[in-house]
Amino acid sequence: MTIDMKDIVALCKRRGFIFQASDIYGGLNGFWDFGPLGIALKNNLRDAWWRSMVIAPPLGPDGSPVEIVGLDSAIIQNPKTWEASGHVGGFTDPMVDCKETKQRYRADHLLFLTPLDGKSVTIKGKQASAFAFMQGTSNEEIKERLKKLRVNKEFVGTSADISDLLAFTSLENVNLSETVGPDASEPGTLTPPRQFNLMLDTYPGVVRDEASKAYLRPETAQGIFLNYKNVLDSMRVRMPFGIAQVGKAFRNEVTPRNFIYRSREFEQMEMEWFCPPEEAAQWFDFWVAQRKQFWLDVGLPESMLQLRKHDQDELAHYAKEGLGTIDVEFQFPFTAPGFGELEGIAHRGDFDLRQHSEFSGQKLDYLDQINGNRRYTPHVIEPAAGLTRGVLALICAAYRIDPNRPAGLYLDFHPSMAPVKAAILPLTAKEDHVPTAQKLYMDLRKEYVVELDIKQNIGKRYARQDEIGTPFCFTIDNDTLQDQTVTVRERNSMKQDRIALHKVKDYLKQKIR
Ligand code: ATP
């Protein structure tokens, strides 16, 4: 079954999960608002992550619990932070890299040409549907190059005018996996454009000049490195240990797209795990396994997840040496049958602490008093996940089309993630159904997010609960008043059972873990 993203976006709006930011003004590209149910879902995912990291972290390879503390650092830090981290000083334009030739092009300096209708081109056995050239390349040079690439003879032909063969188009309209780069020998070697200086800037204070320029953080990680020493000095942590943080990050993405998958404002859940250099490999494997398990635990099916090791040429500057990076990827509807990144687990070595130590002049190493006062700069393993991207994965994985129910669909959230755990539905708005329902509602809401829904016929109310993924509905009817039982309807099976009113709480407790 293929799911259309349009349907997911429509559901999210219709049922109050996610709205376009500034909707009434026509929106703002790359920004989204989380509605009442969206924030509930996001908080559930965030809380599960915080629990799995800070409150009840896993047992380490030696069987004892690992130690991780929390942090909430400022979004805006001293701009030197981003010089040290390598975020400043890059390019300020969208750039396209060629994986084959290692050439880097300014995206707006490239020219794209596609064969006119019906012309099919193969290069080295691969389909090519576009060619990139540097702006200013002459028609003669273009023809020469096509010949060199040995595209089918009929295609280059004898035509004098290149416009008989190829039409101009823009980067947005080409399929990069079928595009031949300006210096490449086969299609598919160009990366999507990346704005290298992707940081959004701002000017705190009254003066607006270069000296007062600061940045909205493009990742939460650096705030953790800045506080490494504070945490060591104030908490009773010993190596190895972790610092975890959840919060907003901002990137001036060149092409925000695929709903909240790639936005300019988003949330991350990052943990920096500090350990002795010689233990890095062991902890890297440990965290990769833990992080995959986390996504399974919140309800993503195994069949839609995969681990993928970065190729050497994709690695970030801090991960070039060492153990590299492994991504946890999810099969989003817009990547299927392929996968898209949900989280990256990177071995950052001692890059960040060394850089910040150099730029700040502060010692950011570790003195191991237990092991002979050995002094070293710890290595870092970083599981960096997208919270907002995770929310999208939860919604996509839960989306079920089912013509046999009133809404035609339902969301199969894991009960622990569902924004509403149960709905209490008095059969009619008259008689004594309502007071009994109210009483149950007041009792349950002390422990669970529950909804009391009185209006409309019962079918419509079930339909709404299906669409927001509520796992259980309790209906109060005339029998309830007679024998103190309620009907419980289970979302996925739509099976209805009768249980005692006083057992409802235990029932929920058992089902929601
Ligand atoms: P991508 O390759 O998709 O741009 P990245 O490798 O740059 O991502 P990281 O810097 O490793 O991403 O950030 C960690 C996580 O933050 C990603 O796995 C992703 O879930 C999330 N993330 C990164 N950029 C965005 C964005 N623009 N919108 C939403 N989530 C994002």
Residue count, region 440-488 (criterion: under 30 Å from Asp7 (Cβ atoms) and either touching a Gly at 6+ places or on another chain (Cβ under 6 Å) or of a type in the set (Asp, Glu) (or both)): 4
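Listed residues Phe330, Phe339, Phe359; which is surrounded by fewer than 18 Cβ atoms within 10 Å (Cβ to Cβ) and at pLDDT 95 or above? I'd like the intermediate steps shown before the answer.
On the way: Phe330 fails: surrounded by fewer than 18 Cβ atoms within 10 Å (Cβ to Cβ); Phe339 fails: surrounded by fewer than 18 Cβ atoms within 10 Å (Cβ to Cβ).
From the options Phe330, Phe339, Phe359, the qualifying one is Phe359.
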Selection count, region 223-253, where residues are more than 10 Å from the ligand (Cβ to nearest atom), open to solvent by 40 Å² or more (accessible area, probe 1.4 Å) and outside any helix (DSSP H, G or I): 4
Complete set of residues in region 365-386 that are more than 16 Å from the ligand (Cβ to nearest atom) and either of a type in the set (D, E, K, R) or not assigned by TED's automatic domain parsing to the domain that holds Lys229 (or both): Asp365, Asp368, Arg374, Arg375
Meets criteria (crowded, with 19+ Cβ neighbours inside 10 Å, assigned to a helix (DSSP H, G or I) and hydrophobic (A, V, I, L, M, F, W, C)) for Ala463: no
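Among the candidates Arg257, Arg217, single out the residue that is within 14 Å of the ligand (Cβ to nearest atom) and open to solvent by less than 30 Å² (accessible area, probe 1.4 Å). Steps first, answer last, please.
Details: Arg257 fails: open to solvent by less than 30 Å² (accessible area, probe 1.4 Å).
Selected residue: Arg217, the only one of Arg257, Arg217 that is within 14 Å of the ligand (Cβ to nearest atom) and open to solvent by less than 30 Å² (accessible area, probe 1.4 Å).
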Condition met for Val450 (open to solvent by less than 20 Å² (accessible area, probe 1.4 Å) and either closer than 18 Å to Tyr507 by Cβ or at pLDDT below 95 (or both)): yes
Which numbered condition Arg389 fails, given (1) away from the ligand (no atom under 13 Å from the Cβ); (2) closer than 22 Å to Thr191 by Cβ: (1)
Test: residue in region 323-332 that is closer than 18 Å to Asn258 by Cβ and part of a loop (DSSP other than H, G, I, E, B): yes
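Would you mind finding the one in Ala56, Ala48 that is closer than 26 Å to Glu272 by Cα and either within 16 Å of the ligand (Cβ to nearest atom) or open to solvent by less than 10 Å² (accessible area, probe 1.4 Å) (or both)? Spell out the reasoning first.
On the way: Ala56 fails: either within 16 Å of the ligand (Cβ to nearest atom) or open to solvent by less than 10 Å² (accessible area, probe 1.4 Å) (or both).
Answer to the check: Ala48.
Output the number of residues of region 36-81 satisfying the condition of being aromatic (Phe, Trp, Tyr) and in contact with a Leu (Cβ under 9 Å, 6 or more places away or on another chain).
Going residue by residue through region 36-81, those that are aromatic (Phe, Trp, Tyr) are 49-50.
Pick out the ones that are also in contact with a Leu (Cβ under 9 Å, 6 or more places away or on another chain) and you get 49.
So the count comes out to 1.
Going residue by residue through region 272-292, is there one that turns out to be modelled with pLDDT under 95, open to solvent by 50 Å² or more (accessible area, probe 1.4 Å) and either under 18 Å from the mean Cα position of the chain (by Cα) or basic (Lys, Arg) (or both)? Step through it out loud before you land on a result.
Residues of region 272-292 that are modelled with pLDDT under 95, as a first pass: none.
Within region 272-292, none of the residues are modelled with pLDDT under 95, open to solvent by 50 Å² or more (accessible area, probe 1.4 Å) and either under 18 Å from the mean Cα position of the chain (by Cα) or basic (Lys, Arg) (or both).
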Test: residue in region 487-496 that is surrounded by 17 or more Cβ atoms within 10 Å (Cβ to Cβ), at pLDDT below 95 and of a type in the set (A, V, I, L, M): no
Residue match in region 260-272 (condition: touching a Pro at 6+ places or on another chain (Cβ under 8 Å), closer than 23 Å to Ser52 by Cα and within 15 Å of the ligand (Cβ to nearest atom)): yes
Which numbered condition Pro277 misses (of (1) within 14 Å of the ligand (Cβ to nearest atom); (2) in contact (Cβ under 8 Å) with a residue 24 or more places away in the chain; (3) under 20 Å from Ala221 (Cβ atoms)): (1)
Count of residues meeting criterion [touching a helix residue (DSSP H, G or I) at 6+ places or on another chain (Cβ under 9 Å), open to solvent by less than 30 Å² (accessible area, probe 1.4 Å) and not hydroxyl-bearing (Ser, Thr, Tyr)] in region 301-325: 3
Count - residues of region 126-143 that are modelled with pLDDT of 85 or more and open to solvent by 60 Å² or more (accessible area, probe 1.4 Å): 4
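Every residue in region 342-362 that is touching a Phe, Trp or Tyr at 6+ places or on another chain (Cβ under 8 Å) and either of a type in the set (Asp, Glu) or within 9 Å of the ligand (Cβ to nearest atom) (or both), please.
Narrowing region 342-362 to residues touching a Phe, Trp or Tyr at 6+ places or on another chain (Cβ under 8 Å): 342-343, 345-349, 351-353, 356.
Answer for region 342-362, where residues must be touching a Phe, Trp or Tyr at 6+ places or on another chain (Cβ under 8 Å) and either of a type in the set (Asp, Glu) or within 9 Å of the ligand (Cβ to nearest atom) (or both): Leu342, Glu343, Ala346, Asp352.
The values are calculated or read from the model by the stated rules, or taken from the named source; none is laboratory data. Predicted, not measured: the structure shown is a model, and the values here were computed from it. Cβ sites come from the backbone with ideal geometry, for glycine too, and all protein chains shown count toward neighbours. Only protein heavy atoms, including side chains, enter the accessible area calculation; ligands, DNA and RNA are left aside. Shrake-Rupley method; radii C 1.70, N 1.55, O 1.52, S 1.80 Å.
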